[in-house]
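Below you'll find the structure, written out as structure tokens, and then a few comments.
The values are calculated or read from the model by the stated rules, or taken from the named source; none is laboratory data. Computed from a predicted model, the values in this text were never measured in an experiment. Neighbour counts run over all protein chains shown; Cβ positions are idealised from the backbone, glycine included. The area values use the complete protein model at the heavy-atom level, side chains included, leaving out ligands, DNA and RNA. Shrake-Rupley method; radii C 1.70, N 1.55, O 1.52, S 1.80 Å.
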Amino acid sequence: MSKDIQADLAFVKALVSEGARVRISGGALYLAGGVCYGLQCLVQWIHLAGIVNIGMWGNLIAGILPTVVFLAVMCVILWRDRKVPKNGVATRALNAAFSSAGLANLFMVGVFAYTAITEKSILIWLLYPITVCAFQGAVWFTAYMIRREAWLAIISIGWFVTTFALGLLIGTPHYVLVLGLALSVIMGGGGWYMMRQAQK
């Protein structure tokens with residue numbers, strides 16, 4: 001009987017530690033993405049609004065550096081967690097939801113980029129971030145339905161509100177400002193809070 005109890009406790013402990021590790025890593029990725037791309041948008045807004053002219057090199061650095069930094073962080077996290085098991089049902093479901101959204105975004109960026117270039121329309125390209133925000137709202141709502149934690153619903157609502165706001169502001173400098181704030185606060189803040197919750 002005691003062996004069964006010990007086995008059950010070991011199983012529960014493994015599930016908890018696995019979930020914590022996965023959530024810390026996921027939170028770190030979201031925090032990094034929010035900071036990198038949020039700052040990118042805010043720098044571009046400063047330029048577009050005429051507050052500071054960052055010039056051609058500034059635009060080039062702002063366009064490339066965030067992705068380089070984010071990919072470096074992602075590689076470090078993936079390498080560090082390469083041997084962490086992900087066997088929990090909730091963990092697998094959340095991984096599937098976030099991975100599916102990421103895969104959909106990857107294909108959509110190609111579609112929007114190709115169409116924007118062939119149609120010579122920046123308006124078409126500006127629809128892509130709106131689509132990403134809608135996907136984010138959906139995937140965070142899925143996380144809420146699985147975990148039943150109120151903060152996940154708040155993040156989801158934040159993304160859906162951002163989707164609507166960007167639709168109203170498309171074509172204005174405020175569009176980039178709102179997107180930058182959403183990435184910094186909703187994505188970055190959500191990632192930070194996810195890490196804090198997992199560490200508890």
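Here are the numbers for this structure:
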{"item": "Heavy-atom surface of the chain, accessible at 1.4 Å and reported per residue (Å²)", "result": "59 Å²"}
{"item": "Highest-first arrangement of 163-174, 50-61, 26-37, where packing means the average Cβ count within 10 Å", "result": "26-37, 163-174, 50-61"}
{"item": "Karplus 3J(HN,Hα) series, Hz, for the stretch 126-143 with 6.51 cos²θ - 1.76 cosθ + 1.60 (x for Gly, Pro)", "result": "5, 6, 4, x, 5, 4, 4, 4, 5, 4, 4, x, 5, 6, 6, 5, 4, 4"}
{"item": "The chain - percent relative contact order, Cα under 8 Å, separation 6 or more", "result": "40 percent"}
{"item": "Surface share of carbon and sulfur [accessible, 1.4 angstrom probe, percent] for the chain", "result": "74 percent"}
{"item": "Label of the coordinate-derived value, log10 I(q)/I(0) by the Debye sum over Cα atoms at q = 0.09, 0.15, 0.18, 0.19 Å⁻¹, listed as (i) -0.40, -0.99, -1.34, -1.46; (ii) -0.33, -0.93, -1.29, -1.41; (iii) -0.29, -0.88, -1.33, -1.50", "result": "(i)"}
{"item": "Rounded if a/c under 1.5, otherwise prolate or oblate - the stretch 49-154, Cα gyration tensor axes", "result": "prolate"}
{"item": "TRP57 paired with ALA113, simple spin-label distance in nm, labels 7 Å along Cα-to-beta-carbon", "result": "2.6 nm"}
